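One structure is given below, encoded as structure tokens.
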Amino acid sequence: MSTAVSAPVTPERIYQFAFGYAPPLVLEAAIRHHVFDVLDSGPKSLHEVSVATGASERGLAAIMNVLVGLAFLAKDGLGNYGLTPESAAFLVSTKPEFQGGLIRHTSEHLLPKWLKLNEIVATGQPAGAVN
């Protein structure tokens, strides 16, 4: 029997898994609404991004603040949003290393199939056979 003190058990990992679907969907929304493209020319306010993209300030605020938390956007003390080195390299659609296709494929094709996993396990039918 070990005498080492172990850390308390927490549900943190379960929380991480429960919300694991959110980052790719937030990234896709930002890509589809050209948030990274608009910010490629420099930091902008929420209002400026809204005007440039045509998306609502409320919706943009929600996804852009999540992207700050995920370190795909930076936010300065004045409330302006800017790209991080990672988003500048991989999430601007005009850049040669753009990875938006992977994000779109995940949200459009992979996630809908995974949402049918309970039915697939119950029936044993492949993903294409489950309605």
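What to note about this one:
- Single unsatisfied condition, residue 42 versus (1) of a type outside the set (A, V, I, L, M, F, W, C); (2) in contact (Cβ under 8 Å) with a residue 24 or more places away in the chain; (3) assigned to a helix (DSSP H, G or I): (3)
Each row is one residue, and each column tells you yes or no for (1) within 12 Å of residue 30 (Cβ to Cβ); (2) not hydrophobic (A, V, I, L, M, F, W, C).
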site: 50; (1), (2): no, yes
site: 68; (1), (2): yes, no
site: 73; (1), (2): yes, no
site: 78; (1), (2): no, no
site: 101; (1), (2): no, yes
site: 128; (1), (2): no, yes
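- Within segment 84-118, restricting attention to residues that are closer than 20 Å to residue 71 by Cα and part of a loop (DSSP other than H, G, I, E, B), the residue that is most open to solvent (accessible area, probe 1.4 Å) is 97.
- Contact annotation: residue pairs with Cβ atoms under 6 Å, 6 or more positions apart or on different chains, pairing a residue in segment 111-131 that is under 25 Å from residue 19 (Cα atoms) with a partner that is open to solvent by 100 Å² or more (accessible area, probe 1.4 Å), are 127/113.
- Residue in segment 87-98 that is touching a strand residue (DSSP E or B) at 6+ places or on another chain (Cβ under 6 Å) and either among the β-branched types (Val, Ile, Thr) or within 13 Å of residue 35 (Cα to Cα) (or both) present: no
- The set of residues in segment 12-26 being in a helix (DSSP H, G or I) and either among the hydroxyl-bearing types (Ser, Thr, Tyr) or open to solvent by less than 100 Å² (accessible area, probe 1.4 Å) (or both) consists of 12, 15, 18, 22, 23, 24, 25, 26.
To keep it simple, each residue is scored yes or no on (1) of a type in the set (Lys, Arg); (2) at pLDDT 90 or above.
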{"position": "93", "(1), (2)": "no, yes"}
{"position": "96", "(1), (2)": "no, yes"}
{"position": "100", "(1), (2)": "no, yes"}
{"position": "116", "(1), (2)": "yes, yes"}
{"position": "127", "(1), (2)": "no, no"}
{"position": "131", "(1), (2)": "no, no"}
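- Residue among 61, 55, 30 that is open to solvent by less than 60 Å² (accessible area, probe 1.4 Å), part of a helix (DSSP H, G or I), over 22 Å from residue 102 (Cα atoms) and of a type outside the set (Ser, Thr, Tyr): 61
The values are calculated or read from the model by the stated rules, or taken from the named source; none is laboratory data. Note that the structure is predicted; figures quoted are calculated from it, not measured. Neighbour counts run over all protein chains shown; Cβ positions are idealised from the backbone, glycine included. Surface accessibility is based on the protein's heavy atoms, side chains included, excluding ligands, DNA and RNA. Shrake-Rupley method; radii C 1.70, N 1.55, O 1.52, S 1.80 Å.
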